[in-house]
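One structure below.
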Amino acid sequence: MTDDRTATGDLDGGAQFADGTWSDETDWEIGEFDDESGDEGAVALPTLAVVGRPNVGKSTLVNRIIGRREAVVQDVPGVTRDRVSYEGNWNGRRFMVQDTGGWEPDAKGLQQSVARQAEHAMQTADAILVVVDAVVGATATDEAVARVLRRSKAPVLLAANKVDDERGEAEAASLWSLGLGEPYPVSAVHGRGTGDLLDKVLEALPEAPREGTAAAGPRRVALVGKPNVGKSSLLNKLAGDERSVVHNVAGTTVDPVDSIVELGGRPWRFVDTAGLRRKVSHASGAEFYASLRTRGALEAAEVAILLIDASEPITEQDLRVLSMVADAGRALVLAFNKWDLVDEDRRYQLEREIDRDLERVPWAQRVNISAHTGRAVQKLVPALDTALESWDKRISTGRLNTWLKEVVAATPPPMRGGRLPRILFATQAGTRPPTFVLFTTGFLEAGYRRFLERRLREEFGFDGSPVRISVRVREKRDRRKR
């Protein structure tokens with residue numbers, strides 16, 4: 001079979017056709033690199049809020065409902081602080097499950113902020129599941145929760161948790177006294193009774209959420225950084241609402257907090273993550289699972305905003321989070337927070353620290369902000385747009401190889417083993433992040449690959465996005481006639 005296309009040029013052995021493909025591409029199985037997966041639009045789902053006093057097993061029950069270990073669980077009260085949403089599916093029907101911190105009517109300080117988050121969840125949910133410890137029975141706090149929920153416009157279900165056997169069911173019956181209807185005995189740890197409870201949940205949930213539909217396809221943004229750097233404060237400022245619990249105690253956020261925020265006239269999905277204190281292998285308890293959730297949130301995001309405290313020297317924790325973002329291949333915006341506390345001397349020191357410590361990501365977008373005062377937070381939107389545009393960018397094969405031919409002619413790769421490696425042709429194998437494959441006759445030094453990346457950025461942009469370049473060495477083939 002012959003190919004009737006006309007070749008228009010070559011780059012050290014690869015002939016280019018008018019349609020932008022190259023004669024050697026079929027030999028190299030280029031298709032194995034393609035990564036053009038699309039994102040489905042967001043669908044509005046009804047929300048079930050799981051509420052109750054601290055340490056009754058709400059997060060354990062949430063994990064049981066959604067069928068996976070997402071909510072952080074530890075055998076101490078107060079681990080969950082924000083309201084955090086997860087998607088659940090029962091009998092083919094999808095819905096959102098919102099985990100909340102323990103609700104106490106007379107809470108002070110940090111716990112008061114946690115209680116406000118739970119109250120907001122109760123006000124906005126389509127159905128409410130209140131969890132009570134059946135072993136302990138109804139406490140004064142449970143009764144206070146019940147008084148509030150009896151006035152709720154949304155349907156309320158009562159889960160009597162920690163019922164591990166038939167004897168516990170008799171204890172659960174005493175919870176009728178709360179006035180919330182029939183208590184459904186369950187064991188969140190063992191799964192006992194959760195199927196029957198979910199059947200009742202589906203009966204109570206409407207087909208669509210009360211507050212309209214969500215806009216389709218919001219871009220996903222992860223807020224990352226060390227503890228107490230201002231991630232939750234920034235999310236609250238952007239949302240114009242107390243969406244995340246904010247306190248001067250480092251490590252207030254444990255679970256990733258998901259929020260739809262409208263910026264620049266369109267929706268964005270922001271995820272406030274837990275601050276990373278140390279390597280995951282050195283963490284323990286809730287901190288270990290929070291670290292895993294943060295990594296998961298970053299993997300699910302398209303772009304990360306890394307917050308750095310501009311008023312203090314850049315730390316090893318900052319660099320560890322930076323490495324996590326870079327290794328994940330996400331677009332990146334560096335937000336230097338607390339800029340209102342930075343004087344002239346600190347600005348000079350910060351520039352030197354950036355040149356020294358952030359040399360790995362000179363391509364990242366930079367914005368100086370103050371989450372506390374709201375200074376320059378509106379500049380995050382164009383920075384995010386630029387980073388995402390670069391992350392999605394694709395360069396045609398013809399244009400890429402025309403550029404590469406000029407670069408290689410002016411600056412050929414260094415010799416290796418007494419031989420000069422030739423670059424046959426290049427192709428962009430994928431986006432998100434932009435990934436390029438160079439087909440060569442020999443190995444290319446790391447320094448030359450960095451040179452090509454720098455020239456690639458100068459020519460095509462890619463501001464705010466990592467660029468990956470890999471090399472595939474072509475084996476010599478026997479071209480003799482048989």
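Of all residues in segment 332-376, those that are among the basic types (Lys, Arg) and over 23 Å from ASP272 (Cβ atoms) total 5.
Scanning segment 446-478 for residues that are outside any strand (DSSP E or B) and surrounded by fewer than 14 Cβ atoms within 10 Å (Cβ to Cβ) gives ALA446, GLY447, ARG450, ARG454, GLU458, GLU475, LYS476, ARG477, ASP478.
Summed over segment 326-371, the residues that are touching an Asp or Glu at 6+ places or on another chain (Cβ under 8 Å) and closer than 21 Å to TRP391 by Cβ give a count of 5.
So is VAL280 modelled with pLDDT under 85 and over 25 Å from THR435 (Cα atoms) or not? Taking the combined requirement at face value, the residue satisfies it. Residues of segment 243-265 that are at pLDDT below 60 and of a type outside the set (Gly, Ala, Ser): ARG243, VAL245, VAL246, HIS247, ASN248, VAL249, THR252, THR253, VAL254, ASP255, PRO256.
Cβ-Cβ distance below 7 Å, separation of 6 or more or different chains: which pairs start in segment 362-381 with a residue that is over 18 Å from GLY225 (Cα atoms) and end on one that is crowded, with 16+ Cβ neighbours inside 10 Å and β-branched (Val, Ile, Thr)? What qualifies is ARG375/ILE369; ALA376/VAL367; ALA376/ILE369; LYS379/VAL367.
Kindly indicate whether LEU197 is part of a helix (DSSP H, G or I), modelled with pLDDT of 85 or more, touching a Phe, Trp or Tyr at 6+ places or on another chain (Cβ under 8 Å) and not hydroxyl-bearing (Ser, Thr, Tyr). Taking the combined requirement at face value, the residue satisfies it. Of the residues making up segment 354-385, just one is among the hydroxyl-bearing types (Ser, Thr, Tyr) and crowded, with 18+ Cβ neighbours inside 10 Å, namely SER370.
Summed over segment 170-189, residues that are more than 19 Å from ASP99 (Cα to Cα) and either assigned to a loop (DSSP other than H, G, I, E, B) or not assigned by TED's automatic domain parsing to the domain that holds VAL148 (or both) total 4.
Identify all residues within segment 446-461 that are in contact with a helix residue (DSSP H, G or I) (Cβ under 9 Å, 6 or more places away or on another chain) and at pLDDT below 95; write none if there are none. The one that is in contact with a helix residue (DSSP H, G or I) (Cβ under 9 Å, 6 or more places away or on another chain) and at pLDDT below 95: GLY461. Checked against the criterion of being over 30 Å from VAL325 (Cα atoms), touching a residue at least 24 places away in the same chain (Cβ under 8 Å), in contact with a Pro (Cβ under 6 Å, 6 or more places away or on another chain) and not hydrophobic (A, V, I, L, M, F, W, C), the candidates GLY181, GLY193 yield just one match: GLY193.
Taken over segment 319-352, the criterion of being farther than 21 Å from VAL467 by Cα and either among the small types (Gly, Ala, Ser) or in contact with a helix residue (DSSP H, G or I) (Cβ under 8 Å, 6 or more places away or on another chain) (or both) is satisfied by PHE336, ASN337, VAL342.
The values are calculated or read from the model by the stated rules, or taken from the named source; none is laboratory data. These numbers were taken from a predicted model, which means no experiment stands behind them. FYI the Cβ positions are ideal-geometry reconstructions off the backbone, even for glycines, and counts take in every protein chain you see.
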